[in-house]
Amino acid sequence: MLSNAKKILNDAKKGKYAVGQYNINNLEWAKAVLEVSQEKKAPVILGTSEGAVKYMGGFNAIVGMVEGLMKDLKITVPVVLHLDHGQSVENCKKAMDAGYKSVMFDGSELEINENVKRTQEVVNYANKHNASVEAEVGTVGGTEDGIVGGINYASLEECERITTTGITMLAASLGSVHGHYQGTPKLGFKEMSKYAKATNLPLVLHGGSGIPNDQIKKAIGCGEAKINVNTEIQEAFAKGIRKYIEEKLDQKGTGYDPRKIIGTYAYKYMKETVSEKIKLFGTANKA
């Protein structure tokens, strides 16, 4: 059974560790993340962008796939299925209607009053569906699946305003970016600590791929309880496919079988990436 994110993130905040949100793009992605999480006894969040939802067939298809995998793989750790960067109240509602137990309404490009208004509508709907809600203030830089933004630090006032809606977790933009970093990331650790204390909410770090390990650990100590990882898993997948083709395994016997193309190196590298993140975030044995 799918869980919402409230308990696992509150536990992470208190325990000074972080739960990873690993964005998925197909069955192999979901299976790899679930298997590693079960092996490591780690609670996990499966994230789906709106682009990934469209690619995989829709909200109902994804819920069915994830719940089926959990049953057949005998997954017992808490699993949260989360809509990442929901661009409209309507899409957040559709996700919850399909069975998602967690959604993000991304109103970061809106004026704060409008962001609060729409976030409140999502929260009210989520309360009827036993679902958790993430909101964002400020702007995460970079590009991810059609979401483009320049870095714009969140203010304490914005954080306090959005918190009044009853959200479960807060994505306060403090220097991270989606995709690849240009140079060394410069995160606002001082603000993280200040905002975590002022809102008393688990903070969410978007753009977790590419941030040096020491900065990740420092961010967790400052209140970041949910860390999103996408780019590094995509790179692991691409690296595995490239290696398989370069070794010309697709030309040997039935090597053209897509299960072999995806399920050999790409699958192995994705699992290794998730395993490394679970160790870094301190999530092992927290289920």
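The values are calculated or read from the model by the stated rules, or taken from the named source; none is laboratory data. Everything numeric here is computed off the predicted structure, so don't read it as measured data. Neighbour counts are summed over all protein chains in view; Cβ atoms, including those assigned to glycine, are modelled from backbone coordinates with ideal geometry.
Checking each residue in segment 191-248 for being closer than 15 Å to residue 173 by Cα and basic (Lys, Arg) picks out 194, 226.
Of all residues in segment 5-16, exactly one satisfies the criterion of being buried (at least 23 other Cβ atoms within 10 Å of the Cβ) and either under 12 Å from the mean Cα position of the chain (by Cα) or in a loop (DSSP other than H, G, I, E, B) (or both), namely 5.
For segment 105-118, state whether one or more residues are in a strand (DSSP E or B) and modelled with pLDDT of 95 or more.
Checking segment 105-118: at least one residue is in a strand (DSSP E or B) and modelled with pLDDT of 95 or more.
Restricting attention to segment 199-210, the residues that are touching a Leu at 6+ places or on another chain (Cβ under 9 Å) and buried (at least 21 other Cβ atoms within 10 Å of the Cβ) add up to 5.
For segment 225-238, the condition holds for no residue, the condition being that it is modelled with pLDDT of 95 or more, of a type in the set (Asp, Glu), in contact with a strand residue (DSSP E or B) (Cβ under 7 Å, 6 or more places away or on another chain) and surrounded by 16 or more Cβ atoms within 10 Å (Cβ to Cβ). Taken over segment 215-235, the residue count meeting the criterion of being closer than 11 Å to residue 202 by Cα and touching a residue at least 40 places away in the same chain (Cβ under 8 Å) is 6. Out of 241, 262, report the one residue that is in a helix (DSSP H, G or I) and surrounded by 18 or more Cβ atoms within 10 Å (Cβ to Cβ). Only one candidate passes the filter, namely 262.
Those residues that are more than 16 Å from the chain's Cα centre (by Cα) and basic (Lys, Arg), I need them from segment 18-70; list them, please. Result: 40, 41, 54. Taken together, 200, 213 contain a single residue that is modelled with pLDDT under 95 and within 24 Å of residue 43 (Cβ to Cβ), which is 213. Considering only residues in segment 75-104 that are in a helix (DSSP H, G or I) and basic (Lys, Arg), the one that is nearest to residue 60 (Cα to Cα) turns out to be 94. The set of residues in segment 90-114 being crowded, with 19+ Cβ neighbours inside 10 Å and in contact with an Asp or Glu (Cβ under 8 Å, 6 or more places away or on another chain) consists of 102, 103, 104, 105, 106, 107, 108. For segment 17-43, a residue qualifies if it is under 23 Å from residue 97 (Cβ atoms) and in a strand (DSSP E or B), and the qualifying residues are 21, 23. Screening segment 137-181 for residues that are at pLDDT 95 or above and farther than 15 Å from residue 196 by Cβ and picking the one that is surrounded by the most Cβ atoms within 10 Å (Cβ to Cβ) gives 165. In the set (1) among the hydrophobic types (A, V, I, L, M, F, W, C); (2) more than 21 Å from residue 220 (Cβ to Cβ); (3) touching a Phe, Trp or Tyr at 6+ places or on another chain (Cβ under 7 Å), the condition left unmet by residue 33 is number (2).
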